[in-house]
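Undergrad: Here it is: the structure, laid out below.
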Amino acid sequence: MKIQLRENLNIENADGMIVCIPSNMDVDQAYGLPLEQMKQKETFEGKIGEVQFLTLLHEELIEVALVGLGDGETFCETKLIKSLGEAIKALKKKKVKHISLDLEMINRVAPIDKKLQKMIFSALIMSDYEFNDYKTDSKPSTLEEISVYGNDLDETCLNEGVILGETNVFSRHLTNMPANIMTPDQLARLAKDYVSPLGIEIEIKNEDEIEALGMHAYLAVAKASANPPRLIVMRHMGAPESDKRLVLVGKGLTYDSGGLSIKPTASMVTMKDDMGGASAVIAAMGAIAKLDIKANVIGIVAACENMISGLSYKPGDIISSMGGKSIYIGNTDAEGRLTLIDAVTYGIREEKATHVVDIATLTGAAIHCLGSEAAPVVTNNDDFYHVVEKAFKKADEKIWKMPIFDEYKELVKHDQADLTNTAGSPGTITAGIFIGEFAKDVPWVHIDIAGTAFREKASGVYSKGGTGSGAIPLVYLAKKMSK
Ligand code: BES
Ligand code: MG
Ligand code: ZN
């Protein structure tokens, strides 16, 4: 599907239309639509979030989606993007080939600034994504083109918006691929195919090399699987003269069965998605290169599976870590933090990180904290957190900082080892504190995307499955670090 900017509203070749309508506008018969009558009957009032469909006969049939904008007070970018997603998906179901999208009216309720333009363009790409690679009878989408009309639309915003939209989609796609296909080695290969041609240096380390680095916590998780681990390191050195190095660590459990502390089936079926953090990082690295961002950014994924065999690590074990601390294993299902601490230590020790972000589908408790719309954060540095928060805001994704009270810090300690991997409630915070023990004094932000990384149902620009949560914000973060 391609997006074209148009100088004027042209519906001649379009068999679909999306029209944005403010609630306070007197539009009689605009586009030949019976808007005034609809308003009188209160079937469509133009409220923000409202989406309605009708079919027009204009030489040929045109499928129309009316999208409400509200007024200057009620207008909301997030809700507009959601409506556009719903509109595009519904028009696709009606087998539309060419959508004409009129954005001009938005100016009557809010300025279409660069940020909003990029959000809209990436939303168009995001709404077009479907995961149907494995359905033998799936038909390709009919949608070929969206032509967008509006004054002052900017070609640069279009390019960037499309790159960001594709970043989100690639991240979702990696997450959606089933674990029998998306093994650690396959994830590494796909990462390489994606980032290498863009000029990113990528190193993929095998089990022996991981062992030689002393990543014992990561290996404890990985060793029960027939699919060996792969440590993926991607380097974009966009500012060689600068000492600043942003390390992005993504949790890359291509499958989490829980290990010997095995999960019930219902919790296990979605665990192919336990690499949502890794997909966000890999996809973001691609965009950081495409946009030629002048910052040093290193993406790290300690990819592995949490499985069961005679080699399994066991509840009650005491293991070591690359950072040197010993860890008591209270539960083998708290595996993500074990892979992350070694990846964080690797990032600080070997890649000389000055800033670390880790992003992970880490705790079920994150879903209890903030549900599926926002990701809880644990950090050791408020200034850095505010930079990360701004990057998420720009991408219209939500994060929220959790408190670290001294009492919580006590919970990660253990009487037989330096730390325990199961510190108990509040589970999201204690998991974060555990990782923070390995970030030491380096500014670090941990983002728990267990609630935001996938959806049970399609909504707005998202389809069922992976959401690509964090991918676009990480690109914006790299941009902010370049300043
Ligand atoms: N991958 C899971 C967390 C998860 C749960 C992600 C639900 C998405 C949806 C993680 O490895 C895990 O199993 N965490 C345990 C930790 C506990 C044993 C301390 C959890 O949250 O139950
Ligand atoms: Mg687990
Ligand atoms: Zn997990």
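Undergrad: Angle between the Cα long axis of helix 427-439 and the longest principal axis of the chain, 0 to 90 degrees, nearest 10?
TA: Taking the Cα atoms of the chain, the angle to 427-439 is about 60 degrees.
Undergrad: Then there's this: May I ask for the equivalent-ellipsoid semi-axes of the stretch 2-153, computed as the square root of five times each C-alpha gyration tensor eigenvalue and listed largest first in whole Å?
TA: Equivalent ellipsoid of the stretch 2-153: 24, 18, 15 Å, largest first.
Undergrad: Measure nothing but the geometry: give the 0 to 90° angle between the long axis through the Cα atoms of 336-349 and the longest principal axis through the Cα atoms of the chain, rounded to 10°.
TA: 80 degrees
Undergrad: Per residue of the stretch 235-251, what does 6.51 cos²θ - 1.76 cosθ + 1.60 with θ = phi - 60° give for ³J(HN,Hα)? Whole Hz please, x for Gly and Pro, Karplus curve as stated.
TA: 10, 10, 9, x, 9, x, 7, 9, 7, 5, 9, 8, 9, 10, 10, x, 5
Undergrad: Treating only the Cβ of Lys, Arg, Asp and Glu as charged (+1, +1, -1, -1), what charge dipole size does the chain show about its Cα centre? Round to the nearest 20 debye.
TA: Using Cβ point charges on Lys, Arg, Asp and Glu, the chain gives about 500 debye.
Undergrad: Work out the charge dipole of the chain with +1 on the Cβ of Lys and Arg and -1 on the Cβ of Asp and Glu about the Cα centre, then indicate which of ILE399, ASN10, THR379 is farthest towards its positive end.
TA: My answer, from the dipole projection, is THR379.
Undergrad: Roughly how many nanometres apart are two label points built 7 Å out from the Cα toward the Cβ at ASP382 and LYS480?
TA: Between ASP382 and LYS480, the label points sit 1.6 nm apart.
Undergrad: Okay, moving on. Would you please classify the overall shape of the stretch 88-189 from the alpha carbon gyration tensor, given that a ≥ b ≥ c denote the square roots of the eigenvalues, rounded means a/c under 1.5, and beyond that prolate means a/b larger than b/c while oblate covers the rest?
TA: Verdict is oblate for the stretch 88-189.
Undergrad: Given only helices, namely DSSP H runs of n ≥ 4 each adding -39500 (n - 2.57), what is the per-residue ellipticity at 222 nm of the chain, to the nearest 500 deg cm²/dmol?
TA: Mean residue ellipticity at 222 nm (helix-derived): -10500 deg cm²/dmol.
Undergrad: Would you be so kind as to identify which of ILE348, ILE329, THR254 lies farthest towards the positive end of the dipole of the stretch 174-481, taking Lys and Arg as +1 and Asp and Glu as -1 on Cβ and the Cα centre as origin?
TA: THR254
Undergrad: Label the stretch 174-481 by shape, choosing from rounded, prolate and oblate, from the square roots a ≥ b ≥ c of the eigenvalues of the Cα gyration tensor; if a/c is under 1.5 it is rounded, and otherwise prolate applies when a/b is larger than b/c, oblate when it is not.
TA: Here the stretch 174-481 falls in the rounded category.
Undergrad: A further question follows. I need the peptides 146-158, 294-306 ranked by packing, meaning the mean over residues of other C-beta atoms within 10 angstrom, with the highest value on top.
TA: So the order, starting with the most tightly packed, is 294-306, 146-158.
Undergrad: Hey, what's the Cα Rg ratio for the stretch 174-279 versus the globular rule of thumb, 2.2 N^0.38 Å?
TA: Against the empirical 2.2 N^0.38 Å value, I get 1.18 for the stretch 174-279.
Undergrad: Follow-up question, since we're still on this one. Stretch LEU9-THR55 to full length: gain in nm at 0.36 nm per residue minus the Cα-Cα span?
TA: Between LEU9 and THR55, full extension yields an extra 14.7 nm.
Undergrad: From the cross-link list LYS314/LYS409; LYS223/LYS464; LYS314/LYS413; LYS79/LYS118; LYS82/LYS483, which pairs have alpha carbons spaced over 21 Å apart?
TA: The pairs that break the limit, which is 21 Å between Cα atoms, are LYS314/LYS409; LYS223/LYS464; LYS82/LYS483.
Undergrad: Also, I was wondering about something else. Tilt of helix 276-290 relative to the longest C-alpha principal axis of the chain, in degrees (0 to 90, nearest 10)?
TA: 70 degrees
Undergrad: Work from the charge dipole of the chain (Cβ charges, +1 for Lys and Arg, -1 for Asp and Glu, about the Cα centre) and give the residue of PRO197, ILE163, ILE472 farthest towards its positive end.
TA: Most positive-ward Cα: PRO197.
Undergrad: Same structure again: Taking the alpha-carbon centroid of each part, what is the distance from the stretch 226-290 to the stretch 320-346 in angstrom?
TA: The stretch 226-290 and the stretch 320-346 have Cα centres separated by 15 Å.
Undergrad: By how many nm would the segment from ASP113 to PHE405 grow when fully extended, if each residue of separation counts as 0.36 nm and the alpha-carbon distance is taken off? Can you show the working numbers first?
TA: Working: separation 292, 0.36 × 292 = 105.12 nm, distance 4.05 nm.
Taking ASP113 through PHE405 to full extension adds about 101.1 nm, to one decimal.
Undergrad: Based on the alpha-carbon gyration tensor of the stretch 380-460 and its eigenvalue square roots a ≥ b ≥ c, which shape applies: rounded if a/c is under 1.5, prolate if not and a/b is larger than b/c, or oblate? Could you put the intermediate results ahead of the total?
TA: On the way: a/c = 2.84, a/b = 1.54, b/c = 1.84.
Because a/c hits 1.5 or more and a/b fails to exceed b/c, the stretch 380-460 counts as oblate.
Undergrad: Antiparallel as a % of all DSSP beta bridges within the chain, to the nearest 5?
TA: 40 percent
Undergrad: I need the calculated FRET efficiency for the pair ILE308 and ASP193, taking r as the beta carbon distance and R₀ as 22 Å, to the nearest 0.05.
TA: 0.10
Undergrad: Peptides 99-106, 76-83, 366-373: what's the order by average Cβ count within 10 Å, highest mean first? Write down the numbers at each step before the final one.
TA: Numbers: 99-106: 22.0, 76-83: 19.5, 366-373: 17.1.
Top to bottom by mean Cβ count within 10 Å: 99-106, 76-83, 366-373.
Undergrad: Here's something else I'd like to know. Using 0.36 nm per residue of separation minus the Cα-Cα distance, give me the extension gain between SER267 and LYS244 in nm, one decimal. It would help to have the intermediate numbers written out before the result.
TA: On the way: separation 23, 0.36 × 23 = 8.28 nm, distance 4.00 nm.
The span from SER267 to LYS244 would gain 4.3 nm if fully extended.
FYI, it's all coordinate maths here, none of it is from the lab. Bear in mind the structure is a predicted one, so any value in this text is a computation, not a measurement. With ideal geometry, Cβ positions are generated from the backbone for all residues, glycine too; neighbour counts draw on all protein chains shown.
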